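The values are calculated or read from the model by the stated rules, or taken from the named source; none is laboratory data. These figures come from a predicted structure and were not determined experimentally. Here the Cβ is made from the backbone with ideal geometry for all residues, glycine too, and neighbour counts use every protein chain on show. Heads up: the accessible areas ignore ligands, DNA and RNA and are worked out on the full protein's heavy atoms, side chains in. Shrake-Rupley method; radii C 1.70, N 1.55, O 1.52, S 1.80 Å.
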Amino acid sequence: MNEERLPAAYTANVTEMLGDAADAFLESYEARRTQGLRFNGLKSNSASGNTAVKQAVSQFSLTPVPWCPAGYYYEEPARPGRHPYHTAGLYYIQEPSAMSAAELLGALPGEIILDLAAAPGGKTTHIAAAMQGQGLLVSNEIHPERAKILAENVERLGITNALVTCGTPGELAKRFPEVFDRIMLDAPCSGEGMFRKDPDAIREWSPKHVEMCAARQWDILQDAYLMLKPGGTLAYSTCTFNRRENEETVERFVRAYADMELILTKRLWPHLEKGEGHFVAVLRKADSASGTGAGADNRPARNRRGERERDRGKSGPRTAASVRGALQQFTEWAAAELPGFAGRGIPLLFGESLYLLPEAFNDRLHTGMLDGLKVPRAGLHIAQLKKNRIEPAHALAMALQPDQAVRSYDLPAGGLEIQAWLRGESLPVPPGLHGWTLVTVDGLSVGWGKASSGQLKNHLPKGLRMMKAHID
Ligand code: SAM
């Protein structure tokens, strides 16, 4: 990329901010952009996953990203996004600098965590791996189309404890006051770190746009504050370089909220590290909220409990009978077909889709709080109700290991059969194989097939066929 194409106001900004280092920074635009992938601990830690990781490291000539133990660089012509291991959720394609944010958030198993601006899912899938399936992750994305992609990535990576919502930060803040142990806010920004990857980001950039982004970040931060539990941790990140959207926004935030303490800030610069660049600030809310913050919810807890009781009365029992019926059908099916699947969680029926919400949901939330909120994925989608029967959901397959299912059928990653399968074709199988079968690639699940009379009928969702590239 040629430096001349950068807006003059931008280069002036950078020169003022970096002084002598500005030349090195601007020259970094001439280098090729860095590409990376992050292995998914939910899949890579099994025996098959381990073998597949070794295979991927050697096949794609991967080299480690210093600040993320599961992160690796790859170089062209490697195309890991086109490999069956990608469909199997073994890794997520992610720009290496962006891997720093979830590392610094420090998510732990069993916590209740919010990813407030989550699509397409880089940070969410990273946080979910750290949580190891325990606790609750609420992954929110304001734009419905992007929320769908987020939900697809959550499914592909076999995440069982995430609730994907599609709301504004304000809508969420009203529902979830002081709920979360940790919040990731990877804010929409002016994207100066995207210039090498996406020339549109250069065209959209202007000093006015930077101001607009800073104002929006300020609004979202105030909602994040309302949702953070006393003692909770907030990670604020952007992929932009200017101080206005980074340090100055964070400084304004800690000035306005006396109970918020800035723990650290981290900058990754493209001329100093191998990556496109990122800013991360980690903040902590005092253990017992002082209530001095401009946007603090000072209503007595008694009132909030009152809302909780009212909400519960409105929702719970309304669909209880149909949920029980659907769950019973699934439980009977799973007892015969998935002896290794524990199936713990709170059953929820959205239309014909049966979900299991993580049990941790009930620790601080209740289903009435979801009333009126768009929820593209209410936990693990386990089954689809059909007339007089159920069909196991694709998401369920992606969360299973082959030894949890009665039947599985493995396809080697290097063979032609897996390519045919991913295009949506049925495969010839031994005639003895009959019924729902977990299809795997080198031992990693990629979906369901239904075997009958020597044919394995393909149940890969239509939208995922033909190796459709996931947005990354
Ligand atoms: N965290 C994501 C990841 O790692 O894959 C990337 C998030 S991206 C930097 C910022 C997201 O904020 C976008 O998906 C965008 O749709 C969303 N967004 C835009 N305006 C917003 C707003 N007013 N409130 C909340 N999110 C917003």
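Counted as qualifying within the range 388-472 are the strands (runs of 3 or more DSSP E) with 1 or more residues that are of a type in the set (S, T, N, Q), namely 408-411, 435-441, 444-452, 455-458.
Ala413 falls short on exactly one of the conditions (1) under 20 Å from Thr87 (Cα atoms); (2) out of contact with any Pro (no Cβ under 8 Å at 6 or more places or on another chain), and that condition is (2). Of all residues in the range 83-95, those that are among the β-branched types (Val, Ile, Thr) have Cβ atoms under 8 Å from Cβ atoms of residues that are part of a strand (DSSP E or B) and open to solvent by less than 10 Å² (accessible area, probe 1.4 Å), 6 or more apart or on another chain, in Thr87/Val441; Thr87/Val446; Ile93/Gly36; Ile93/Leu37.
Of the residues making up the range 167-187, those that are part of a strand (DSSP E or B) and either more than 10 Å from the ligand (Cβ to nearest atom) or open to solvent by 30 Å² or more (accessible area, probe 1.4 Å) (or both) number 5.
State the number of residues belonging to the range 346-369 that are within 20 Å of the chain's Cα centre (by Cα) and either in contact (Cβ under 8 Å) with a residue 24 or more places away in the chain or not in a loop (DSSP other than H, G, I, E, B) (or both). Adding up the residues that qualify gives 6. Return the residues of the range 104-149 that are in contact with a helix residue (DSSP H, G or I) (Cβ under 9 Å, 6 or more places away or on another chain), within 7 Å of the ligand (Cβ to nearest atom) and farther than 18 Å from Met227 by Cβ; say none if nothing qualifies. Passing the criteria: Ala119, Pro120, Gly121, Gly122. Yes or no: Thr160 open to solvent by 30 Å² or more (accessible area, probe 1.4 Å), within 13 Å of the ligand (Cβ to nearest atom) and not charged (D, E, K, R)? In short, no.
Leu104: outside any loop (DSSP other than H, G, I, E, B), over 26 Å from Asp442 (Cα atoms) and open to solvent by 30 Å² or more (accessible area, probe 1.4 Å), yes or no? For Leu104, the condition - outside any loop (DSSP other than H, G, I, E, B), over 26 Å from Asp442 (Cα atoms) and open to solvent by 30 Å² or more (accessible area, probe 1.4 Å) - is met. In the set Gly41, Gly71, Gly19, only one residue is buried (at least 22 other Cβ atoms within 10 Å of the Cβ) and of a type outside the set (Phe, Trp, Tyr); that residue is Gly71. Look at the range 324-345 and say how many of its residues are open to solvent by less than 40 Å² (accessible area, probe 1.4 Å), aliphatic (A, V, I, L, M) and modelled with pLDDT of 95 or more. Qualifying residue count for the region: 2.
Here the condition is being of a type in the set (Ser, Thr, Tyr), modelled with pLDDT of 95 or more and away from the ligand (no atom under 16 Å from the Cβ); of Tyr236, Tyr257, it holds for Tyr257 alone. A single member of Ala321, Ala296 is open to solvent by 30 Å² or more (accessible area, probe 1.4 Å), at pLDDT below 90 and not in a strand (DSSP E or B), and it is Ala321.
Note on the range 211-227: residues that are polar (S, T, N, Q) and either near the ligand (Cβ under 10 Å from one of its atoms) or touching a Ser or Thr at 6+ places or on another chain (Cβ under 8 Å) (or both) total 1.
All conditions but one from (1) open to solvent by 10 Å² or more (accessible area, probe 1.4 Å); (2) over 23 Å from Phe341 (Cβ atoms); (3) in contact (Cβ under 8 Å) with a residue 12 or more places away in the chain; (4) part of a helix (DSSP H, G or I) apply to Glu155; the one that does not is (2).
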